[in-house]
Amino acid sequence: MARTVTWDELRDLAGFEAEKGFAISVYLDLDPSASPMPSDAHTRLNSLLDGAAKENGGTRRELTHQQRLALKEDFDRIRRYFEFEFERNGAHGLAIFCASLDNVWRPLPLTEVVPDGIKVGQQLYLAPLVPLVGRGEGALVLVVGREQGRFYRLRAGRLEDLADHFEEQPRRHDQGGWAQARLQRHVDELAQEHLRRVAGELDRLVRRLHGPRVVVVASEETWAEFADLVSQETRSAIAGVAHAEAHAQPSELLQVSAPVLERWRAERETEVIERWREEEGRNGRASRGWAATLEAASDGRVELLLFREGVNRDAKRCPACGRLSVEGAKCPLDGTQLDDSDDGLDLAVHQTLAHGGTVWAVRHRQDLDAAEGIGALLRY
């Protein structure tokens with residue numbers, strides 16, 4: 001089933017480094033506009049694998065016989081998986097990580113598009129996954145009304161049922177022994193008590209799930225009543241409010257919820273960039289440009305790595321201590337000969353995650369353009 005990637009999963013992948021062999025990281029764009037026919041994706045995957053096999057199997061003299069054989073078998077395993085095991089099932093992208101000598105095999109069908117690419121090295125190639133992390137995965141969607149209280153959670157691009165707190169209420173026009181005014185007050189009290197119970201359940205879920213984003217689907221009238229019933233912690237987790245028909249299905253609820261989550265992310269991105277600009281402007285806890293940011297990442301000082309989507313450059317890495325730089329022949333710390341890399345962004349992502357930082361792929365702002373497309377908020 002197609003899905004997105006969590007921060008915990010990305011950190012786990014970033015912590016891997018091949019000890020016995022080499023790791024293969026493959027990305028395949030499965031968007032229907034790029035791959036309208038299954039054969040199109042097969043052709044592009046075979047081209048990626050053939051090129052990587054030729055480059056890493058035929059020209060890397062440092063490979064042992066066992067490593068060379070393992071790489072060949074891993075390339076073949078990836079082909080077989082895509083041809084015989086992979087089920088597209090709504091996937092718009094695919095990532096595969098394979099390193100048989102180090103017991104790694106992890107295919108990831110993805111809900112979002114990733115560009116075609118392949119890397120062979122000691123570490124897994126993770127930069128293409130970063131823009132996907134945190135894009136709504138795990139968010140709660142609550143449909144609330146005077147009778148409704150349906151809870152969903154966003155998983156793998158779909159809304160999964162969590163709970164349904166439906167409570168049928170008497171109608172204001174129902175006939176009874178009470179005067180009409182008393183009946184209306186009674187109905188309103190029951191509806192208010194229902195909303196209070198739903199709010200309590202939402203508070204519990206937000207605490208138990210450690211503050212996921214929340215989209216509330218409600219009428220303006222219901223939202224005005226409901227907003228005052230939830231805790232401050234829950235209010236801070238609410239990304240926004242959407243509107244839908246009373247009996248909307250999960251697919252329809254997802255359609256109205258997705259733009260709310262994306263707007264929240266754009267607003268959060270603005271807050272992050274403004275904080276970076278303020279810190280950088282007063283020479284505070286911020287870095288700008290590749291040299292300063294790679295140095296900070298190597299020192300474990302990066303709290304949040306910021307990069308404009310699509311940015312990259314060549315960089316160098318010390319194979320002994322992992323220190324990064326944009327120039328130089330030897331590591332300034334231990335004198336080890338530096339390895340060249342054509343993917344400085346991936347190196348920065350690995351170092352940031354390894355030291356407990358997070359990463360933000362900037363989509364909506366151009367502020368980083370004047371800083372070579374990369375910067376960071378620092379711990380110190």
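In what sequence do Arg182, Arg196, Arg285 fall when counting other Cβ within 10 Å, fewest first?
Least to most surrounded, the residues fall as Arg182, Arg196, Arg285.
Are there any GluC sites (Glu not before Pro) in the range 195-265 that are in a DSSP loop and have at most 10 other Cβ atoms within 10 Å? List them by number.
Here the sparse-neighbourhood loop sites are Glu245.
How many percent of the alpha carbon pairs in the range 285-380 exceed a separation of 16 Å?
Above the 16 Å cut-off, the range 285-380 has 49 percent of its Cα pairs.
Angle, helix 180-208 long axis vs. longest principal axis of the chain, Cα atoms, 0 to 90°, nearest 10?
Between the helix axis and the principal axis of the chain, the angle is about 20 degrees.
Could you give me the radius of gyration and the Dmax of the chain, taking only the C-alpha atoms into account and expressing both in angstrom?
25.5, 93
With contacts defined as alpha carbon pairs under 8 Å and 6 or more residues apart, what's the relative contact order of the chain in percent?
After rounding, I find 15 percent.
I need the shape label for the range 1-129. Rule: rounded when a/c is under 1.5, else prolate if a/b > b/c, else oblate, with a, b, c from the alpha carbon gyration tensor.
On the way: a/c = 2.08, a/b = 1.34, b/c = 1.55.
Cα axes put the range 1-129 in the oblate bin.
Quick one: how many lysine pairs in the chain have C-alpha atoms under 16 angstrom apart, if they're 8 or more apart or on different chains?
Count of close lysine pairs: 5.
Rounded to the nearest 10 degrees, what's the angle between the helix 250-281 long axis and the longest principal axis of the chain, both from Cα atoms, 0 to 90?
60
By how many nm would the segment from Tyr380 to Asp8 lengthen if fully extended, with 0.36 nm per residue of separation less the alpha-carbon distance?
131.5 nm
Going by alpha carbons, how many degrees (0 to 90, nearest 10) lie between the helix axis of 65-80 and the longest principal axis of the chain?
Computed tilt is about 40 degrees.
Using the crude model of +1 on Lys and Arg Cβ and -1 on Asp and Glu Cβ, and no other charge, please compute the dipole size for the range 285-380 relative to its Cα centre, in debye to 20.
So the dipole magnitude of the range 285-380 works out to roughly 360 debye.
Just the number, please: percent antiparallel of the DSSP beta bridges in the chain, rounded to the nearest 5.
Details: 44 of 58 bridges.
Of the beta bridges lying entirely in the chain, close to 75 percent run antiparallel.
Rule-based calculations on the coordinates, nothing more; no lab input. Since we're looking at a predicted model, the values are computed, not measured. In this analysis, Cβ positions are derived from the backbone assuming ideal geometry, glycine residues included, and neighbour counts consider all displayed protein chains.
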